[in-house]
Structure formats: C-alpha cells, structure tokens
Amino acid sequence: MIINNPNDIKSGFPWLVFANNTIDPIAKIIDFKTDITGVQPKNHAMLSINQGEFAVQNMTLINAYRTVPMSSYMIKGQTLSFVNLVNSNAQFVNAFSKSVQKRLSRPGFENGYDFLGLLGQALENPIVDTSWIHTPGLEYCSVDVIRHLVNACPYLPKEDQIIINGIPRETNPEQLWEILLNNPKTFYFYGDYNFSDKT
C-alpha cells in the first residue's frame, strides 16, 4: 500500500516505522555497513504512538530521545515503512505506550544516543561478535524499538512473545526489518511513504 500522508494515520498504534534516506551521508554509511542482500535498505527505526508524531532516538548526547512531527521525516530522499502488530490489543497498546512515555520522561542525560553501540555495530564482522560493545542504559534507534516491544509483549499471544523475546537486543534497523518481514503472523507491513512519489 502507498501511504500518501502519514499524518492521516489515525489508528493502528503503535506503529513501528523504518526509514531509509538515500541522501544523508550518515544514512548512506549505515546502509553500506548494514546491507543485507535481498532486503529493502533501512537505516533508521522509530515508532509512533500518537497521530502526527514519531518518537525517535536522535544522534545527540543529551535529550536524544524525543517526539518530533512526522513532517520532519517527510523529506527529500526519504522512504518510511509502517508496521504494526497482527495480534495487537488494548492491553498491549497501553503497555507499549506507557513504556515509551516512561523513556521520554527520563532526564536528558539518560536519553543520550548510544554512540559506543554504534561503534560496536561498525566494527561487526564475521569473525568477531562486537554487538556487546554499547553504553549501558543508552540505546540507538532499533534497540529502542525492541525495548518497547519486549516490555509490552506479555500481553500478546505466546507465539508472538517468543518471536519478540528472540530478537537480539543490539539488532540494527535493517536486521530488525528483516526479522519483521520474516514473521508475518506477528508483524503486519501496512505500507510505504516515499517522498519521491509526492514530487
């Protein structure tokens, strides 16, 4: 499905949103390093619990985790893919939202970006597992999405809990995207927003 304007999405929360920017230099480096053959490129993961806004883990030292208008990601070179949970229910939605709100309310220094974790991802290779390299208590984008899924998944069917709890905690955005696509009984791919379709 083609999404003409993500701001018009009024239900189905929470949304897991995967971005791919083909212009931003940092996004290009992430794409190069995390490329999975046969998988649509994704270099950022975020989420939405309210109409018209994303909760995002930005790359700053302080107050990196915050809400921003969706329009800030509806930019040139950007594609956004929207996914939600097949077996979502009111209890899951409530628990997921509370988990996000709790993180948003933390002091600014506790919401910095996990630059050390990004380094761990950059150093990853087939011989040595470097996913353990990260700053305790801090996260990068896809780790945040996984955190909230894990916190809320006890309200989902057992099969979904097994899938979600089996996701490695330091999974990068493209790896997480692949996991979601490979588990259609748990995750539902709703559609894409592509800025280039609007010009």
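Here, each number is a calculation from the coordinates, and none is a lab measurement. Predicted model only: the values in this text are computed from it and were never measured. Glycine gets a Cβ as well: all are built from the backbone with ideal geometry, and neighbour counts include every protein chain shown.
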**Request:** Subtract the Cα-Cα distance of Asn183 and Arg66 from 0.36 nm times their separation in residues, and report this length gain in nm to one decimal.
**Result:** 39.3 nm
**Prompt:** So how far apart, in nm, are the two label points at Ile2 and Ser196 if each is 7 Å from Cα heading toward Cβ?
**Reply:** 1.3 nm
**Fill in**
Going through Lys42/Lys76; Lys42/Lys185; Lys42/Lys98; Lys158/Lys185 one by one, the pairs whose alpha carbons sit over 24 Å apart turn out to be Lys42/Lys98
**Mean Cβ neighbour count within 10 Å, used as a protection proxy, ranking 82-90, 181-189 highest first** = 82-90, 181-189
